[in-house]
Structures are given as structure tokens and as C-alpha cells.
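So the structure is just underneath, and the comments pick up after that.
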Amino acid sequence: MSATYLVTGGMGCLGAWTLYHLHRQGKRAVCFDLSEDRQRLDLLLSRDEQAAITFVRGDLTDTQQVRDVFAQHAITHVIHMAALQVPFCRANPPMGAQVNVTGAVNIFEAARHTGVNHVAMASSVAVYGPPELYAPGLLPADAPVAPRTLYGVYKVANELTAQVYWHDYGISSTVLRPYTVYGLGRDQGLTSEPTKAMQAAARGEDFHINFGGAMQFHFASDVALQFILAAEQVSNGALAFNLGGPIVSVAEVARLIMAARPGVRITHTESGLPFPAGCDGSALYAHAATVYATPLAAGIAATIAAFAERLSSG
Ligand SMILES: NC(=O)c1ccc[n+]([C@@H]2O[C@H](COP(=O)([O-])OP(=O)(O)OC[C@H]3O[C@@H](n4cnc5c(N)ncnc54)[C@H](O)[C@@H]3O)[C@@H](O)[C@H]2O)c1
């Protein structure tokens with residue numbers, strides 16, 4: 001059976017990067033998304049290149065639609081990314097639960113009914129609580145979850161759902177928990193501001209990032225590659241991994257942006273995010289054949305250059 005990758009949320013930032021890398025690797029991809037807005041994908045692939053991708057407009061909350069996309073496209077690999085982000089879950093909790101919780105259940109149900117035995121799925125560091133709940137230093141991967149947002153609660157539900165499908169049906173899963181993702185296409189939510197600062201810098205404009213503190217940053221391209229690998233490397237259980245990486249201050253990110261675009265001024269607010277500064281990613285390094293970790297300075301420089309190139313080509 002030839003491999004066909006389902007990418008839910010393919011119109012989103014990480015989904016678009018995942019479709020981009022699947023295309024570059026010559027792999028067949030099906031994008032399942034409620035949105036038909038290709039603006040993020042258009043940043044990464046030409047419309048000619050996108051012609052190789054199958055686009056299915058569908059709603060994750062609809063059990064039958066999800067099952068149909070698995071069956072009709074003979075899905076063999078699953079990368080489940082579609083979700084509503086923190087502000088949307090806060091604004092409409094029932095809808096957030098439907099998309100983020102029921103949606104993931106629908107993915108596992110469809111896998112069960114179509115014989116797919118492994119799922120890769122996006123979670124988040126939002127499963128953890130505020131830093132004062134934990135001992136100082138790098139948060140161990142097995143630190144207790146204690147989400148303070150409904151979004152985080154829904155992600156915990158996803159991780160526990162994955163465990164039940166492993167125990168009851170033998171469907172394995174690899175769940176990855178990104179922290180702050182940056183790169184082309186990262187355009188919504190508070191933590192998109194470092195990327196917006198890179199875009200402003202590419203235009204030669206100043207920018208103020210509305211948070212500070214220190215955290216782990218992941219290049220969207222790397223995260224997408226990690227998800228593809230997570231979908232391909234069948235695990236022996238329902239595994240969840242932090243991505244890890246160096247803990248970097250927002251001040252340092254601002255400095256790197258200014259170093260890449262001398263003349264622009266990037267400022268930031270001092271107050272940090274309500275999460276521990278860093279989550280231990282050593283388990284991922286032990287498990288994964290490769291961990292994609294572009295150095296921050298290189299990722300920032302590549303992102304600014306990519307924005308500049310797209311701006312100059314209109
Ligand atoms: N970007 C980050 O910094 C970050 C950090 C941690 C975790 N994550 C997780 O990674 C995943 C991808 O994040 P992203 O930044 O690409 O998100 P995004 O908001 O850019 O994209 C989400 C996509 O899901 C789609 N979607 C929403 N509701 C849907 C529905 N009912 N049916 C089908 N599609 C629907 C949207 O149309 C959108 O294209 C998410 O699960 C997110 O929670 C992201």
C-alpha cells in the first residue's frame with residue numbers, strides 16, 4: 001500500500017509547513033481543514049506545487065466526515081494538527097472542546113475503523129501549569145500536568161485519549177508538545193509576536209513584542225519535520241514528548257532580529273508567559289531517529305530573509 005499522509009489543519013502554520021516538507025520529500029498528502037484560505041501555504045509552495053496535494057474541506061467535529069477522509073483517500077499516516085488556539089477556546093469553550101477534544105476522538109475513531117495503527121498529534125506545553133507550581137530549572141517531562149487554560153485542559157484530554165486508544169485498541173501515538181513556534185505563517189496568537197517582529201524587520205520597521213521572559217523557541221520548519229518523523233516512526237505506546245531546546249530570553253530574540261537587520265529596533269514587555277521557562281526534551285532525543293533543531297540565530301535569519309524575499313516579490 002502506498003503511503004498517504006493526512007494532515008489536519010493543513011491551512012495553519014505548522015500544517016502548511018508539514019505539507020511543504022511532505023511535498024519536498026515526494027510524499028502524497030491530503031490536507032483536511034475547515035478553512036480554504038491558502039495564504040500560509042502560498043508562502044511556502046507555488047500553486048503548481050500545491051496541485052500535488054489533495055485538499056479536502058471538512059470539519060473535524062463531524063465524525064463521519066473524518067472517517068470518510070480516511071477511507072476515501074486510503075490514509076496510512078496521520079499528522080493531527082487542527083485545533084483552536086488559546087484565545088478561541090477562551091472565547092468559545094464549547095466550540096473549543098468540540099474541535100480540540102471531540103476532533104481528536106474522531107481522528108482516533110477513524111484510525112480504528114480504517115486500520116491505521118499509529119497517529120502523530122500536536123499537544124502543547126500548555127498542559128503544564130505556571131512556573132511557581134514546579135521546582136526551578138528545566139521541567140522534567142513527567143512533571144504533573146496542571147493546565148490553567150481550557151486549551152491546555154483539552155490538550156491533556158487529547159494525550160489521555162491517545163493512551164486509551166493504545167490500551168484498548170493498540171493504536172500507538174506520538175504526541176509532540178511545542179513551546180513557542182516561529183517562522184513563515186505564524187501569524188495568530190500572542191506567541192506569534194516574535195515572528196511578527198521578524199516580518200517587521202524584513203520591512204525595515206520597528207516592532208514591540210508584547211511579552212518577555214525566557215522560553216524555548218522552535219523553528220516551524222523543524223517542528224513540521226519532527227511531526228512527519230513522528231508519524232512514520234511507530235511507537236510502542238502512547239508517547240508524549242516535549243521538544244526541548246535551549247532556553248532563550250525574548251530580549252535575546254530581539255537582539256538576534258536586530259543583528260540580522262541592523263537599523264530596526266525591536267523592543268519587548270518584561271512580563272513572561274505563565275509557563276516554566278523550559279521543558280526537558282531529552283526523552284525525544286532518546287526516542288527519535290532525528291531531532292530537528294535549527295539554531296535560533298539561523299532560523300531567525302532564514303525567516304527574515306524569507307519574509308524579505310516574499311515582500312520583494314509582492
Ligand atoms: N504554533 C505554536 O506555537 C504551537 C505551540 C504549541 C502547540 N501548537 C499546536 O500545534 C498545532 C498546529 O498549530 P498552528 O499554530 O499551526 O495552528 P493554526 O491555528 O495556525 O492552524 C490550525 C488549523 O486548524 C484548522 N481548524 C480549526 N478548526 C477546524 C475544524 N473544526 N475542522 C478542521 N480544521 C479546523 C484551522 O482552519 C487552521 O488552519 C495545534 O494543535 C496547536 O495547538 C502550536
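Quick look at the numbers
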{"read-out": "Per-region count, the range 83-111, residues more than 10 Å from the ligand (Cβ to nearest atom), in contact (Cβ under 8 Å) with a residue 60 or more places away in the chain and under 17 Å from Leu6 (Cβ atoms)", "value": "3"}
{"read-out": "Those residues of the range 236-273 which are in a loop (DSSP other than H, G, I, E, B) and surrounded by 15 or more Cβ atoms within 10 Å (Cβ to Cβ), in sequence order", "value": "Leu243, Gly244, Gly245, Arg261, Val264, Gly272, Leu273"}
{"read-out": "Options Ala120, Ala110; residue that is crowded, with 23+ Cβ neighbours inside 10 Å, closer than 20 Å to Ala240 by Cβ and touching a strand residue (DSSP E or B) at 6+ places or on another chain (Cβ under 9 Å)", "value": "Ala120"}
{"read-out": "Val69 surrounded by fewer than 24 Cβ atoms within 10 Å (Cβ to Cβ) and either touching a Pro at 6+ places or on another chain (Cβ under 7 Å) or closer than 21 Å to Ser235 by Cβ (or both)", "value": "no"}
{"read-out": "Complete set of residues in the range 84-115 that are assigned to a loop (DSSP other than H, G, I, E, B) and in contact with a Phe, Trp or Tyr (Cβ under 8 Å, 6 or more places away or on another chain)", "value": "Leu84, Gln85"}
{"read-out": "Residues being more than 10 Å from the ligand (Cβ to nearest atom), crowded, with 24+ Cβ neighbours inside 10 Å and of a type in the set (Gly, Ala, Ser) - total across the range 155-211", "value": "4"}
{"read-out": "Residue count, the range 293-314 (criterion: surrounded by 15 or more Cβ atoms within 10 Å (Cβ to Cβ) and in a loop (DSSP other than H, G, I, E, B))", "value": "2"}
{"read-out": "Test: residue in the range 280-292 that is part of a helix (DSSP H, G or I), charged (D, E, K, R) and in contact (Cβ under 8 Å) with a residue 24 or more places away in the chain", "value": "no"}
{"read-out": "Any pair with Cβ under 8 angstrom, 6 or more apart, that starts in the range 170-186 at a residue that is on the phi < 0 side of the Ramachandran plot and assigned to a loop (DSSP other than H, G, I, E, B) and ends at one that is of a type in the set (Lys, Arg) and within 14 Å of the ligand (Cβ to nearest atom)", "value": "Leu184/Arg40"}
{"read-out": "Selection status of Gly129, in a loop (DSSP other than H, G, I, E, B), over 17 Å from Ile171 (Cβ atoms) and modelled with pLDDT under 95", "value": "no"}
{"read-out": "Selected residue (only one of Pro131, Pro147 is closer than 26 Å to Pro274 by Cβ, touching a Gly at 6+ places or on another chain (Cβ under 9 Å) and within 15 Å of the ligand (Cβ to nearest atom))", "value": "Pro147"}
{"read-out": "Residues of the range 29-54 satisfying the condition of being surrounded by fewer than 18 Cβ atoms within 10 Å (Cβ to Cβ) and within 20 Å of Thr114 (Cα to Cα)", "value": "Thr54"}
{"read-out": "Subset of the range 173-187 [of a type in the set (S, T, N, Q) and either in contact with a Pro (Cβ under 6 Å, 6 or more places away or on another chain) or under 14 Å from Met81 (Cβ atoms) (or both)]", "value": "Ser173, Thr174"}
{"read-out": "Residue check for Met215: touching a strand residue (DSSP E or B) at 6+ places or on another chain (Cβ under 8 Å) and either of a type in the set (Phe, Trp, Tyr) or assigned to a helix (DSSP H, G or I) (or both)", "value": "no"}
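The values are calculated or read from the model by the stated rules, or taken from the named source; none is laboratory data. Remember, predicted model here, so these are calculated numbers, not experimental data. For neighbour counting, all protein chains shown are included, and Cβ atoms are generated from backbone atoms with ideal geometry for every residue, glycine included.
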